[in-house]
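Remarks on the structure that follows.
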Amino acid sequence: MNTKDLLKFTAIAVITVGFTVGCARDSTETMEPMAEECMGATPEVKNAIYAAKLKNARARNLGYEWRDTAKTIAAAEKAAEECDFDRAKTLANKAEAEASDAIAQYHAEQDKMDVAEAPVSMSMGNYIVSVGDNLWNIAGQGSVYGNPYQWPLIFKNNSSQIKDADLIYPGQTFDIPKASDAEIAAAVEHAKTRGAWVIGETEASDWSYLAQ
């Protein structure tokens with residue numbers, strides 16, 4: 001091979017190598033970077049989802065779970081799997097708030113039931129007997145019945161400690177009962193038709209009234 005042919009061959013080789021290197025460089029430069037791999041939900045998101053699940057379980061146990069809360073939690077978990085952490089946390093917080101409202105609703109309903117079922121007091125309060133008191137003047141006081149003829153109501157309601165309607169003692173504590181119209185009418189009728197009485201004895205008419 002003469003010198004002219006050798007120079008020609010060398011030039012072709014240089015051009016070919018340069019082209020190959022350039023192509024390789026261009027290919028490397030135009031390659032898109034790999035997407036960052038999702039490594040799972042952050043601790044903050046996991047805690048938010050856990051709190052929502054726990055609160056909703058309480059609502060479910062009370063029978064007050066809202067219809068869509070479980071779906072919201074499932075959507076939060078799916079968003080976490082897809083590394084959409086902002087959405088996952090928002091959905092988890094929403095689900096927890098719904099469960100909290102459901103529990104509050106349960107307690108509100110229970111409070112209403114407790115008030116409705118609470119026994120109605122049948123007493124107007126207590127009266128402590130003072131010196132000079134008798135059932136007639138006690139019943140006639142404005143703070144009691146304001147009508148002395150209603151004394152039999154006190155007598156009947158406290159018969160365990162009043163053996164004789166005409167004999168009571170200072171220091172005794174009587175429960176002053178509330179009464180229906182029929183009970184008031186019966187008490188007044190007895191007071192007006194009781195008949196003669198003797199201190200220390202329970203009159204037959206009183207026994208009849210107590211038996212009503």
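Just one of (1) exposed (fewer than 12 other Cβ atoms within 10 Å of the Cβ); (2) in a helix (DSSP H, G or I) trips up Ser143, so point out which.
(2)
Taking Ala118 as the residue in question, decide whether it is crowded, with 19+ Cβ neighbours inside 10 Å, at negative phi and modelled with pLDDT under 95.
Considered against the rule, which asks whether it is crowded, with 19+ Cβ neighbours inside 10 Å, at negative phi and modelled with pLDDT under 95, Ala118 comes out as no.
Is segment 69-85 home to any residue that is within 22 Å of the chain's Cα centre (by Cα) and under 29 Å from Gln110 (Cβ atoms)?
yes
Being over 28 Å from Lys46 (Cβ atoms) and in a helix (DSSP H, G or I) narrows it down to one of Lys94, Lys78, Lys156, so name that one.
Lys156
Out of all the residues in segment 44-65, is one or more in a loop (DSSP other than H, G, I, E, B), under 19 Å from the mean Cα position of the chain (by Cα) and basic (Lys, Arg)? I'd like the intermediate steps shown before the answer.
Going through segment 44-65, the residues in a loop (DSSP other than H, G, I, E, B) turn out to be 62-65.
Within this subset, residues satisfying the condition of being under 19 Å from the mean Cα position of the chain (by Cα) are 62-65.
Then drop every residue that is not basic (Lys, Arg), which leaves none.
Within segment 44-65, none of the residues are in a loop (DSSP other than H, G, I, E, B), under 19 Å from the mean Cα position of the chain (by Cα) and basic (Lys, Arg).
The values are calculated or read from the model by the stated rules, or taken from the named source; none is laboratory data. No experiment lies behind these values; they were computed from the predicted model shown. No Cβ is skipped: glycine too gets one built from the backbone with ideal geometry, and neighbour counts run over all protein chains shown.
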